[in-house]
Amino acid sequence: MTRDPRHDILFEPVAIGPVTARNRFYQVPHCTGSGWQSPHILAGLRAMKAEGGWAVVNTEYCSPHPSIDDTPYPMASLWDDRDIRAHALMADQVHGHGSLAGVELVLGGARMANHLTREVPLGVVSMPLATGEPFQTRAMDRQDIREVRRWHRNAALRAMKAGFDIVYVYATHDYLLSQFLSPVLNTRSDEYGGSLANRVRLVRELIEDTKDAVGATMAVAVRFSAETNGGGGGDGTPVPGETEDMLGLLGELPDLWDINVSDYSLEMGLSRFVGEGSLESYVSTIRSLTTKPIVSVGRFTSPDTMAAWVRKGLVDFIGAARPSIADPFLPKKIEEGRVEDIRECIGCNICYMGDARGAPIRCTQNPTMSEEWRRGWHPESIASRGSASRVLVVGAGPAGLEAALSLGRRGYDVVLAEATRELGGRVTREAMLPGLAEWRRVRDYRVTQLNRLANVEIYPESTLGPEDVLEVAADHVAVATGARWRADGFGTSNRRGIESLGPRESLFTPDDIMAGRLPEGRVLVYDDDHYYMGTVMAEALRGQGLETTLVTPEDAVSSWGGLTLDRWRARRRLMETGVGIVVAHELVSFDGRRARLACCASGEERDIDADSIVLVTSRTPDDALYRSVRESMEAGEKGAPKSLRRIGDCDAPAIIAAAVYSGHRYARELDTDIDRDNPLRHDRVNVETNHEN
Ligand code: ADP
Ligand code: SF4
């Protein structure tokens with residue numbers, strides 16, 4: 001296939017100071033949940049982006065000194081020369097694919113508590129940490145500022161030794177430098193505070209220091225917020241003209257401007273709330289303020305939009321974190337005119353959740369993310385089949401589709417049977433709910449790819465019973481029949497179920513709502529699941545004009561959704577649409593007219609009027625088919641398979657990413673010798689080589 005000429009512009013080389021990127025695809029710095037603890041996982045992940053065509057591949061935030069420590073969030077470090085090797089591992093591999101490697105040095109300010117190192121956090125002024133912890137920063141004096149400049153410079157020199165091509169001065173996202181820039185927070189009375197020229201002084205000095213130290217061979221990039229107060233700094237109040245004035249002073253100093261906004265929930269917003277290219281109005285203010293190359297992000301997956309942004313002069317580089325996670329080969333696919341092969345990011349932020357949990361990031365769309373080194377998984381290739389076997393996959397939700405696709409790619413003869421007319425299982429159903437339309441991409445990518453495989457037969461509208469499975473007489477069977485929402489209240493807070501739950505016709509689950517069985521009257525949505533389904537149900541029912549109240553035992557709406565940036569925007573959406581909210585209350589009973597709630601703190605009970613209840617608590621695996629076939633196998637019945645596995649929600653109900661991963665893993669491991677005792681390579685400190693450190 002050949003590339004669409006309208007996309008040629010994306011493949012032009014662009015100079016960034018002393019270095020040149022081979023095209024306009026730029027993986028901006030993003031967290032990986034690996035940091036200095038897992039250098040091999042990290043290098044494997046970054047190298048894959050370079051192989052996939054990203055001309056620039058950056059690290060995550062990298063600490064230059066122990067006083068910048070974001071534990072428990074994994075971060076990179078360049079504290080001393082012994083940190084160089086780990087970074088060289090990444091830089092060498094990125095170079096091996098013809099790309100540039102960049103490192104994002106960070107100064108933490110009031111956003112890091114230094115739990116690992118127990119250093120006192122340094123701040124523009126003495127202020128409480130933005131982490132909500134009972135610690136304050138020390139207001140930096142002149143000596144602190146001199147030291148911070150030295151640490152930053154030394155880290156840049158180490159980055160050069162590691163082989164990096166680009167080094168960042170990181171002046172946004174409410175870290176130290178944006179706090180210095182802030183007209184609200186920076187109330188210093190010395191030459192680093194007060195006037196705008198004083199507030200930008202530290203950023204300017206760091207750019208100059210870095211240029212002086214490494215500028216002959218490395219490009220210096222500045223990450224900067226296009227909001228009018230230069231980066232927020234804890235107060236969203238815009239100050240008109242500040243960005244223009246700051247860029248007036250700094251605009252020509254660095255080699256590249258990496259532009260974003262400090263509000264993560266907008267910059268890396270969920271597709272539920274924020275669409276592709278959402279920063280356009282912010283980025284458009286920058287072009288006239290600098291002649292230097294500009295990169296920005298926008299969860300771009302459409303090459304037409306990307307090319308339009310470059311053509312309009314908004315940016316010189318297409319920045320990406322999430323689209324490069326969902327598809328490390330996105331640039332190559334556009335280059336080769338294979339746009340339909342792009343695995344588009346769905347904007348769910350499960351990647352972010354991994355890092356927020358201190359674990360290597362995972363991705364709903366790309367099951368190989370972070371598994372490149374430790375399991376040897378490549379997103380675009382897979383080993384050929386281990387035997388000439390026939391495999392039956394029952395159920396075409398995310399798990400079944402991914403299993404069938406990956407088995408098909410391995411060359412197996414695959415039969416995929418699905419009960420319903422439409423493939424996709426839960427993602428097809430959930431995509432009909434408010435804000436979740438992009439979930440459909442999980443299905444669409446896989447169905448498009450499956451349709452190209454002659455060795456995969458797909459049978460929709462085919463509900464298989466145990467005897468049907470035996471009749472197919474496949475060598476291997478994977479049961480991916482999913483799970484159903486429970487209607488008995490069993491959930492995180494209630495391990496016995498709710499005893500008194502009124503008439504069944506007044507009880508609903510998300511499956512009922514998605515199947516079109518709607519409640520009437522006043523509805524109570526009981527969310528003991530704590531992710532998106534509770535708030536989405538409430539929004540959907542309110543959208544039907546029903547008086548709706550969301551009740552949750554947690555002290556926050558969508559508490560787990562805090563890890564994916566769901567929480568506050570979901571709550572705002574409920575408030576805007578007029579959904580009542582009751583937090584920190586358990587549902588005790590319901591009689592068809594009233595729901596009894598108990599306060600989680602005091603136990604005090606109260607009633608609220610409700611005609612129907614939607615229970616969003618937990619799910620039951622749909623594994624009856626699995627159990628029957630297992631019995632047939634054990635009885636040695638004719639047609640029984642040699643191997644049988646349940647995968648996805650049928651195995652253990654969880655997030656969509658877990659189902660995709662489960663299907664992929666099943667396909668990878670079929671006919672493969674897996675050491676069950678040591679299933680993956682463990683990235684860790686090697687005491688043998690490090691004991692002298
Ligand atoms: P997962 O997230 O694990 O992929 P889903 O619930 O999304 O699970 O998908 C399960 C799919 O399996 C659904 O599309 C459902 O219609 C299908 N299914 C369930 N039971 C059968 C069966 N006996 N035969 C064929 N398909 C089935
Ligand atoms: Fe996109 Fe979700 Fe993958 Fe993150 S986890 S890259 S948001 S699809």
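The values are calculated or read from the model by the stated rules, or taken from the named source; none is laboratory data. In this text the structure is predicted, and so the values were computed from the model without any measurement. Don't worry about glycine lacking a Cβ; one is built from the backbone with ideal geometry, like all the others, and counts go over all protein chains shown. Ligands, DNA and RNA are stripped out before the accessible areas are found, and what is left, the full protein with its side chains, is counted by its heavy atoms. Shrake-Rupley method; radii C 1.70, N 1.55, O 1.52, S 1.80 Å.
From the list P183, P240, exactly one residue is more than 28 Å from the chain's Cα centre (by Cα), part of a loop (DSSP other than H, G, I, E, B), of a type outside the set (K, R) and crowded, with 17+ Cβ neighbours inside 10 Å. Which is it?
The match here is P183.
Among (1) more than 8 Å from ligand 2 (Cβ to nearest atom); (2) closer than 21 Å to H378 by Cα; (3) open to solvent by less than 20 Å² (accessible area, probe 1.4 Å), there is one condition R338 misses while meeting the rest; what is its number?
Of (1) more than 8 Å from ligand 2 (Cβ to nearest atom); (2) closer than 21 Å to H378 by Cα; (3) open to solvent by less than 20 Å² (accessible area, probe 1.4 Å), only one is false for R338: (3).
Quick check on this structure: which one of P328, P398 is closer than 17 Å to M48 by Cβ and either touching a strand residue (DSSP E or B) at 6+ places or on another chain (Cβ under 9 Å) or buried (at least 24 other Cβ atoms within 10 Å of the Cβ) (or both)?
Step by step, each of P328, P398 is checked, and only P328 is closer than 17 Å to M48 by Cβ and either touching a strand residue (DSSP E or B) at 6+ places or on another chain (Cβ under 9 Å) or buried (at least 24 other Cβ atoms within 10 Å of the Cβ) (or both).
Determine which member of the set R569, R619 is modelled with pLDDT under 95 and within 30 Å of G648 (Cβ to Cβ).
R569
Run down G358, G298, G275 and say which single residue is open to solvent by 20 Å² or more (accessible area, probe 1.4 Å) and within 16 Å of ligand 2 (Cβ to nearest atom).
G275
With respect to the numbered conditions (1) assigned to a helix (DSSP H, G or I); (2) of a type outside the set (V, I, T); (3) at pLDDT below 95; (4) away from ligand 2 (no atom under 16 Å from the Cβ), which one is the sole condition not fulfilled by S387?
Tallying (1) assigned to a helix (DSSP H, G or I); (2) of a type outside the set (V, I, T); (3) at pLDDT below 95; (4) away from ligand 2 (no atom under 16 Å from the Cβ), S387 fails exactly one: (1).
When the range 90-112 is examined, which residues are found to be hydrophobic (A, V, I, L, M, F, W, C) and open to solvent by 10 Å² or more (accessible area, probe 1.4 Å)?
L100
I'm trying to understand the selection: among the residues of the range 426-435, which are touching a residue at least 60 places away in the same chain (Cβ under 8 Å) and either surrounded by fewer than 20 Cβ atoms within 10 Å (Cβ to Cβ) or not acidic (D, E) (or both)?
Selection gives R426, V427, R429, M432, L433, P434, G435.
Residues checked against (1) in a loop (DSSP other than H, G, I, E, B); (2) within 30 Å of Q544 (Cα to Cα); (3) touching a His at 6+ places or on another chain (Cβ under 8 Å):
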position: R421; (1), (2), (3): yes, yes, no
position: T428; (1), (2), (3): no, yes, no
position: R443; (1), (2), (3): no, yes, no
position: Q449; (1), (2), (3): no, no, no
position: L464; (1), (2), (3): yes, no, no
position: E467; (1), (2), (3): no, no, no
position: V477; (1), (2), (3): no, no, no
position: R495; (1), (2), (3): yes, no, no
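What do you reckon, is R158 in contact with a Leu (Cβ under 6 Å, 6 or more places away or on another chain), open to solvent by 20 Å² or more (accessible area, probe 1.4 Å) and not in a loop (DSSP other than H, G, I, E, B)?
Yes.
Mind listing just one residue for me: the one in the range 430-441 that is within 16 Å of ligand 2 (Cβ to nearest atom), at negative phi and outside any helix (DSSP H, G or I) and, of those, farthest from the chain's Cα centre (by Cα)?
Only one residue tops the list, namely A431.
Among the candidates M75, M140, which residue alone is surrounded by 15 or more Cβ atoms within 10 Å (Cβ to Cβ), closer than 26 Å to G319 by Cα and of a type outside the set (V, I, T)?
Residue meeting the stated conditions: M75.
Looking at the range 574-693, what strands (runs of 3 or more DSSP E) fall wholly within it and have at least 1 residues that are of a type in the set (K, R), open to solvent by 80 Å² or more (accessible area, probe 1.4 Å) and closer than 30 Å to W373 by Cα?
Output list reads 643-646.
Please name all residue pairs, on different chains or six or more residues apart, with Cβ atoms under 6 Å, provided the first residue is in the range 59-85 and is free of Cβ contacts under 8 Å to residues at least 60 places away in the same chain and under 25 Å from S324 (Cα atoms) and the second residue is assigned to a helix (DSSP H, G or I) and open to solvent by less than 10 Å² (accessible area, probe 1.4 Å).
Sorted first by the residue in the range 59-85, then by its partner, the pairs are M75/G35; A76/G35.
From (1) closer than 20 Å to S225 by Cβ; (2) outside any loop (DSSP other than H, G, I, E, B); (3) open to solvent by 10 Å² or more (accessible area, probe 1.4 Å); (4) of a type outside the set (S, T, N, Q), pick out the condition that doesn't hold for H87.
The single condition H87 does not satisfy is (1).
Within the range 541-565, track down each residue that is open to solvent by 30 Å² or more (accessible area, probe 1.4 Å), of a type in the set (G, A, S) and part of a loop (DSSP other than H, G, I, E, B).
G545, S559
Hey, among D683, D675, D611, D651, which residue is away from ligand 2 (no atom under 16 Å from the Cβ), over 30 Å from N349 (Cα atoms) and touching a helix residue (DSSP H, G or I) at 6+ places or on another chain (Cβ under 8 Å)?
Of D683, D675, D611, D651, the one residue that is away from ligand 2 (no atom under 16 Å from the Cβ), over 30 Å from N349 (Cα atoms) and touching a helix residue (DSSP H, G or I) at 6+ places or on another chain (Cβ under 8 Å) is D611.
Could you say whether any residue in the range 222-232 is modelled with pLDDT of 95 or more and farther than 27 Å from S288 by Cβ?
Looking through the range 222-232, none of the residues is modelled with pLDDT of 95 or more and farther than 27 Å from S288 by Cβ.
Within the range 161-174, restricting attention to residues that are modelled with pLDDT of 95 or more and of a type outside the set (G, A, S), which residue is most open to solvent (accessible area, probe 1.4 Å)?
Only one residue tops the list, namely K161.
With the structure loaded, tell me whether L453 is assigned to a loop (DSSP other than H, G, I, E, B), more than 11 Å from ligand 1 (Cβ to nearest atom) and buried (at least 19 other Cβ atoms within 10 Å of the Cβ) or whether it fails that test.
The answer is no for L453.
Restricting the range 410-425 to residues that are closer than 29 Å to E276 by Cβ and open to solvent by 10 Å² or more (accessible area, probe 1.4 Å), which is nearest to ligand 1 (Cβ to nearest atom)?
Looking at the filtered set, the residue picked out is G425.
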